[in-house]
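Single-structure report; data block below.
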Amino acid sequence: MGKNKAARFGLIVMGLFFSLAILAPVIAPYSPDEISSVGATAPSSQHLFGTDDLGRDLLSRSLYGAQISLTVGIVAVVISLLLGTLAGAVAGYYGGWVDGLIMRTVDVMFAFPSIFLILAIQSMLTPNIYNVMVVIGLTSWMGVARLVRGEFLRIRQLQYVEAARAIGCSDLRIIFRHMLPNAQGPIIVAATLGMAGAILTESALSFLGMGVQPPISSWGNMLMDSQAYMRDAPWMAVIPGLLIMITVLSLYFIGEGIRETLSPKERNAGS
Amino acid sequence: MLEVKNLSVNYYVDEGTVKAVAGVSFDLKEGEILGVLGESGSGKSTLGYALLRLVDQPGKIVGGEILLNGRDLLLLPEDELRRLRGAKIAMVFQDPFAALNPVLTIGEQIMESIILHQRATRREARGKAVEALRAVKIDPARIDDYPHQFSGGMRQRVVIAMALACRPEILIADEPTTALDVTIQAEILALLREIKAQFNLSIIYITHNFGIIKELCDRVVVMHKGKIVEAGETRTIFDHPRDAYTKKLVDCLRELR
């Protein structure tokens, strides 16, 4: 992956964003809710990113917003990975009617427009950040399930799985010790891409007012706040928009980089 | 010690039912090497897998008995069978490049069956893995190496060490030399003969190569289209094949010389 410039760029940006998010309380010049100027002011030396309509410092809100957006991304992806890997592994390993049942469930979930499903669930629950993470996780595992199932169908044919059975390994042991580690590459790729997707979904939800609730800032609800002021204070929309775009792009670059490293063509060329 | 009676395995595919093993009976005596000879598709490999009840979908064992010291393996519940696999009956596979898990060290793979079957601690298991490696003449210092660091012949030794780790009574070898060079083949065959004596093993050796059978096996069963067409002492069958199919095989080998 060292050779891939885009992936390296992605890694550096994500490393930077994560560090900034973690260090937010230390480096943020203002408290995220502090009213530090009168109304929206353009970026200046006092407020590097400007301030929003209420006079809150946008740099500080972006930093704290990064904490929320990145956390939502990670937790949602972990949930979807756990569910998707489990479903895909069981379907791919056992095959037959178990496979049929799980994969048809996946098809049905895929066919359902997930943003409406999420909105419907969110409107029934109190829309807070924990629900956002869980709901995004619960509605984004299907791709991972398909991927892992495919990998398991392939690995299942390999002789070392038969060899593991021949020394008396149980199904669970074969799935988790022998097969899953051999499927980890594509799962890691799916995780990076999934995280990008989760961050986008969180932004969309917060933008629609069904995600992270004010006064907590996330990149999505910063975008929402900007709606009415597009003309007068464009920086209010541009800054969170750019942050979301750069993050998602970086994650795609990283995912693509890992995928390239794992592909047999690239691997042969490398070694 | 192992007696197979009327064993039948069917494959249920879209085109219909394939009788891969059709009413096969034979026995394996203690300390002998029994050859199972047959061409591709004769059901010989399926037979080997069936002995450990490892036949996969769409295949199914549909009848017969597999008596290990008088106990019918086909009647055992799955978890009891798991305790036998690797402990009493072990298997060596055809392709040493595919039979080892690329993400685990060879030590971990050899130790696995010891830990599974003997309630051994990791330290004890490691000691036994070292012993197994010595038995197959691999430098025990390489215990923490990964499969890709070994050549084909060496990997097949590792596979054999895995099979030997728990000191099984019976070893099923499914064409263990087919994927290897002829010189390496000879080494592996010599090794099998050696460990047979050392560990008091009985071996079922599955192959399509009459030359190997002639060299290695005490007795042989010849399979053709899922059935045993001839069985007996290797010498006798080689000198006086009675079945037409066996005759052809023997003629092939003679022509080659």
**Nearest-0.05 FRET efficiency for residue B:103 and residue B:62, computed from C-beta distance (R0 41 Å)** = 0.65
**J(HN,Hα) series, the range B:122-128, from Karplus relation 6.51 cos²θ - 1.76 cosθ + 1.60, nearest Hz, glycine and proline x** = 4, 5, 4, 4, 5, x, 5
**Item:** Beta bridge orientation in chain B: antiparallel %, DSSP, nearest 5
**Value:** 55
**Request:** Please give the calculated 222 nm ellipticity per residue for chain A, where each DSSP H segment of at least 4 residues contributes -39500 (n - 2.57) and the sum is spread over every residue; nearest 500 deg cm²/dmol?
**Result:** -22500 deg cm²/dmol
**Request:** Could you list which residues have their amide H under 5 Å from that of residue A:40, counting only those 5 or more apart in sequence or on another chain, with H placed in the peptide plane?
**Result:** A:55
**Prompt:** Counting partner chain Cβ atoms within 10 Å of every residue's Cβ in B:98-107, what's the average?
**Reply:** 5
**Asked** Taking the Cα atoms only, what angle lies between the long axis of helix B:106-118 and the longest principal axis of chain B, rounded to 10 degrees?
**Response** 80
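By how many nm would the segment from residue B:29 to residue B:225 grow when fully extended, if each residue of separation counts as 0.36 nm and the alpha-carbon distance is taken off?
On the way: separation 196, 0.36 × 196 = 70.56 nm, distance 2.48 nm.
Extra length from residue B:29 to residue B:225 when fully extended: 68.1 nm.
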**Request:** Calculate the mean, over all residues of peptide A:154-162, of how many other protein chain Cβ atoms lie within 10 angstrom of the residue's Cβ.
**Result:** 5
**Asked** Tell me, B:166, B:252 in order of fewest to most beta-carbon neighbours within 10 Å?
**Response** B:252, B:166
**Prompt:** Say each of residue B:218 and residue A:82 gets a label point 7 Å from the Cα, pointing the same way as Cα to Cβ; how far apart are those two points in nm?
**Reply:** 5.7
**Request:** Amide H neighbours of residue B:63 under 5 Å, at least 5 residues apart or on other chains, H built in the peptide plane: list them.
**Result:** B:8
**Item:** For the range A:194-211, 3J(HN,Hα) per residue [Karplus equation, 6.51 cos²θ - 1.76 cosθ + 1.60, θ = phi - 60°, Hz, x = Gly/Pro]
**Value:** x, 5, 4, x, 5, 5, 4, 4, 4, 4, 4, 4, 5, 4, 7, x, 10, x
**Request:** Search the structure for amide H atoms under 5 Å from the amide H of residue A:49, placed 1.01 Å from N in the peptide plane, and list their residues when 5 or more places away or on another chain.
**Result:** A:44, A:58, A:59
**Item:** Candidate lysines for bridging to residue B:44, where Cα separation is under 22 Å - those fewer than 8 sequence places away on the same chain excluded
**Value:** B:5, B:19, B:29, B:60, B:88, B:196, B:214, B:225, B:227, B:247, B:248
**Request:** Please give the helix A:235-262 orientation as an angle from the longest Cα principal axis of chain A, in degrees from 0 to 90, rounded to the nearest 10.
**Result:** 20
**Request:** Just the number, please: percent antiparallel of the DSSP beta bridges in the protein assembly as shown, rounded to the nearest 5.
**Result:** 60
**Asked** Average partner chain C-beta neighbours within 10 Å, per residue of B:89-97?
**Response** 3
**Message:** Below 8 Å, C-alpha to C-alpha, sequence gap of six or more: please give me the relative contact order for chain B in percent.
**Reply:** 26
**Complete:** Whole-Å distance linking the alpha carbon centroid of the range B:167-208 with that of the range A:1-49 is 65
**Fill in**
Scalar couplings 3J(HN,Hα) for the range B:207-223 by Karplus 6.51 cos²θ - 1.76 cosθ + 1.60 (θ = phi - 60°), nearest whole Hz, x for Gly and Pro, are 7, 9, 9, 5, x, 5, 4, 4, 7, 10, 9, 6, 10, 9, 10, 9, 10
**Message:** Below 8 Å, C-alpha to C-alpha, sequence gap of six or more: please give me the relative contact order for the range A:132-271 in percent.
**Reply:** 23
**Segments A:110-121, A:208-219, B:130-141 sorted - mean Cβ within 10 Å per residue, highest first** = A:208-219, B:130-141, A:110-121
**Request:** Return P(r) of the protein assembly as shown (all Cα-Cα pairs; 20 Å bins starting at 0; whole %; ordered from short to long distances).
**Result:** 19, 38, 25, 14, 4, 0
**Request:** Can you tell me the FRET efficiency between residue A:134 and residue B:78 if r is taken as the Cβ-Cβ distance and R0 is 41 Å, rounded to the nearest 0.05?
**Result:** 0.65
**Projected-area average for chain B over all orientations - Cα convex hull basis, square nanometres** = 14.2
**Asked** Out of B:217, A:94, A:19, whose Cα points farthest toward the positive end of the dipole of the protein assembly as shown (charges: +1 Lys, Arg; -1 Asp, Glu; placed on Cβ)?
**Response** B:217
**Quarter of the Cα convex hull surface for the range A:36-166, i.e. its orientation-mean projected area (nm²)** = 12.0
**Item:** Rounded tilt (10° steps) of A:142-156 against the dominant C-alpha axis of chain A
**Value:** 30
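Read-outs throughout are calculated quantities, based only on the coordinates presented, and are distinct from any laboratory measurement. Just so we're clear, the structure is a prediction, and the values are computed from it rather than from any experiment. Here Cβ is always computed from backbone atoms with ideal geometry, including for glycine, and neighbour counts include all displayed protein chains.
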